[in-house]
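Heads up: the structure comes next, in C-alpha cells.
The values are calculated or read from the model by the stated rules, or taken from the named source; none is laboratory data. Keep in mind that this is a model prediction, so the values were computed, not measured. Every residue, glycine among them, receives a Cβ derived from its backbone with ideal geometry; neighbour counts consider all protein chains shown. Surface accessibility is based on the protein's heavy atoms, side chains included, excluding ligands, DNA and RNA. Shrake-Rupley method; radii C 1.70, N 1.55, O 1.52, S 1.80 Å.
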Amino acid sequence: MTDMVRFKIVMVGLALLAGATSASAQTAPPPPTPTPFAEALRKAADDLFTKAAVSGDKVELVIDPLIDAASGAQSTATRSMQATLMELVRTNYPRFTVLPFDSEALASKPVVLVGTFTAVNNQGVADGPRDAYRICLTLADLKSNSVVSKGVSRARIEGVDTTPTPYYRDSPLWAKDQATESYIKVCQGTKLGDPIDPVYVEKLTANALINDGILAYETQHFREALAFYRTARKMPGGEQHRVRIGTYLAASKLARREDMVDAFGDLIDYGLASDRLMVKLLFKPGTTQFVDDRQITEPYPMWLSQIATRSRQKGACLEIVGHTSHTGLPQVNDRLSALRAQFVMDLLLTGAPDNRGRMIATGRGFRENLVGTGKDDASDALDRRVEFKVIGC
C-alpha cells in the first residue's frame, strides 16, 4: 500500500469520525427549560399521580418529608412543596388518602411519597453556577416493595426560598448519613418497577419518630423532642445522625450543659469515625470572620474545644478545609477559603498547642459547594464553611 493510499484512508476515517461527532452533537437533546416553581411542581405531581402503577380504588399515602438532596435538609421550599402536594391530592386525586407519617400508618404498608429538590446547573456543567432547581418525586409501594411512579421537572431559581427550617438551621453539623443517602437513592436512583432500597425500608419507622422530634423542636416543645430522639435511637434503624443532632439541639435549648457537651462529643466521635467532620462554622460573606449572630456563634468555643480534645484522644490528624460561596473570582475565593481554614486552625491550637503537628489548613474555594446558588444569605450558608477531614499522620 502506497503512502498516498494510506493518507486517503486516514483522511476518509477522520471525515467519517467528524461527521459522526457532528451528527451526535446535532441530535443531542437540549437541556430542559425551567419553568416557574409552582408550574414545575404541578407538572411533576401530575405525572406522579396520573401514572401511578398501583392497584385499588383507594390508595393510602404517606409523605416522608421532602429534602434538599445536596444538604439533606428540609427548607421553606420543601415544606411548601409538601403542603402543595397534599392540597393537590385532596382536590385532584381523591383516589389517594394522605395519612400521617407515623408508625400506625406505616404498619398498613401504604404508598410512600419521597421527594428531593436540588440546585443544579441547567446545562449540566459540573462546576457551573446552579441556575435551576431539579424536582424529583417518587412513589414507593410498601406492599409490592417497588417504585410505582416517578415525576420530575425543572424550576426557575427566582423567588424560591430555600432557607433551612429551624432544626436544620440550628444543627451544629452537616452530614448525610446512611438514612439520608438511602432516601435520596429511592427518589433519584431508581426507575419504575425497581425494588425499594432495603436500608430505607428498615429505617422508615424510626424516620417517622425522628420527624416527630424535628417538629416538636421547631414548635419549641424541647422535652418532647428529646424524648422522641431517645426513643428513636433505641429502635431498629434509629442509630442515625439526625438523632444525635436532635439530642444536642434539645439539650442546648433546655440549658442542660453537661448533656449538650456530651451530645456534641458524640457527634464529633461519629464524624471522626467516618473520617469526615462537617461542623457548621459559618462565616460572613467575603471575610474570615464568623457571622454576626451571637446566638449562632456562642457555642463555637465549646465546639472547637471538643474537636481538639476528641481528635487528640483518638490520635487523629486533621485537614482543616475552608470553603466559600459561588461569588467572585475563583483565585480570590481559593485564598479566602484557605484563610478561613487557617483562622480556625489557629483557634484550635490556642487551646491545644500540642496538636500543631497533627493539623494542616487548606482551601477549596467554591469547588465543593453544597448549595451553589451564590445568594450569600442563610440559604447557602453551608457553602461558607470549614470542615475537618481525618488524614494519615
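Some points to look at:
- For LEU281, distant residues with modelled amide H under 5 Å away: VAL386
- Of all accessible heavy-atom area on the chain, the percent that carbon and sulfur account for (1.4 Å): 56
- Alpha-carbon centroids, segment 343-380 and segment 256-312: separation in whole Å: 12
- Sites listed here are trypsin sites (Lys or Arg not before Pro) in segment 56-127 whose DSSP assignment is loop and whose Cβ has at most 11 other Cβ atoms within 10 Å: LYS58.
- Taking 4.7 Å between C-beta atoms as the pairing limit, the chain has these partnerless cysteines: CYS136, CYS187.
- 19 Å cut-off, amide nitrogen to a point 7 angstrom out along LEU192 Cα→Cβ, residues in segment 101-118: 111-115
- Farthest positive-ward along the chain dipole, Cα basis, beta-carbon charges - from MET81, SER171, ALA352: ALA352
- The gain in end-to-end length when the THR35 to GLN295 segment is fully stretched comes to 89.8 nm, 0.36 nm per residue minus the alpha carbon separation.
- Within the chain, helices built from complete DSSP H runs that reach 27 Å or longer along their own axis (Cα positions) and carry a mean Kyte-Doolittle hydropathy of 0.0 or higher are 3-27, 198-218, 330-351.
- For GLU218 and LEU329, the difference between the fully extended length at 0.36 nm per residue and the C-alpha to C-alpha distance is 36.2 nm.
- Label separation (GLN123 vs ARG257): 5.5 nm, computed from points 7 Å beyond Cα along the C-beta direction.
- Length-normalised contact order of the chain in % [C-alpha pairs under 8 Å, at least 6 apart]: 14
- Whole-number accessible area per residue in Å² for segment 101-184, which is evaluated in the context of all protein chains at 1.4 Å: 38
- Along its three principal directions, the equivalent ellipsoid of segment 46-91 from the Cα gyration tensor extends over semi-axes of 24, 12, 9 Å, largest first.
- Surface/4 of the Cα convex hull for the chain, nm²: 25.8
- Percent of alpha-carbon pairs separated by more than 24 Å within segment 263-393: 24
- Dipole magnitude for the chain: computed about the Cα centre from +1 point charges on Lys and Arg Cβ and -1 point charges on Asp and Glu Cβ, it is near 500 debye.
- Average accessible area per residue (Å²) across segment 312-391 - probe 1.4 Å, nucleic acids and ligands excluded: 42
- With θ taken as phi - 60° and the Karplus curve 6.51 cos²θ - 1.76 cosθ + 1.60 applied, the whole-hertz 3J(HN,Hα) list for segment 191-196 is 10, 4, x, 5, x, 6 Hz, x standing for glycine and proline.
- Scattering from segment 281-322 was approximated by placing one identical point on each alpha carbon and applying the Debye formula without solvent; log10 I(q)/I(0) at 0.18, 0.23, 0.34 1/Å stands at -0.64, -0.86, -1.12.
- Computed from phi, the 3J(HN,Hα) profile of segment 101-109 under the Karplus parametrisation 6.51, -1.76, 1.60 (θ = phi - 60°) reads 7, 8, 5, 5, 5, 5, 5, 7, 6 Hz, with x in place of Gly and Pro.
- With the gyration tensor restricted to C-alpha atoms of segment 329-393, the semi-axes of the equivalent ellipsoid amount to 25, 12, 11 Å, longest first.
- Fully extended contour minus Cα-Cα distance, from ASP47 to ALA227, at 0.36 nm per residue: 60.9 nm
- Under a 5 Å amide H cut-off, with hydrogens placed 1.01 Å from N, GLY365 pairs with THR324, SER337, ALA338 among residues at least 5 apart or on other chains.
- Karplus 3J(HN,Hα) series, Hz, for segment 281-291 with 6.51 cos²θ - 1.76 cosθ + 1.60 (x for Gly, Pro): 8, 9, 10, 5, x, x, 9, 9, 9, 5, 4
- Order by protection proxy (mean Cβ within 10 Å, highest first), peptides 294-305, 245-256: 245-256, 294-305
- With 30 Å as the limit, the listed pairs LYS51/LYS280; LYS203/LYS253; LYS143/LYS280 have LYS51/LYS280; LYS143/LYS280 beyond it between alpha carbons.
- For the chain, share of DSSP beta bridges that run antiparallel, in % to the nearest 5: 70
- The distance between label points at ASN145 and MET302 comes to 4.5 nm (points 7 Å beyond Cα on the Cα→Cβ vector).
- In segment 15-170, Cα pairs under 8 Å separated by at least six residues give a relative contact order of 31 percent.
- A straight Cα-to-Cα reach below 12 Å connects LYS176 with the aspartates and glutamates ASP68, residues fewer than 8 places away in its own chain not being considered.
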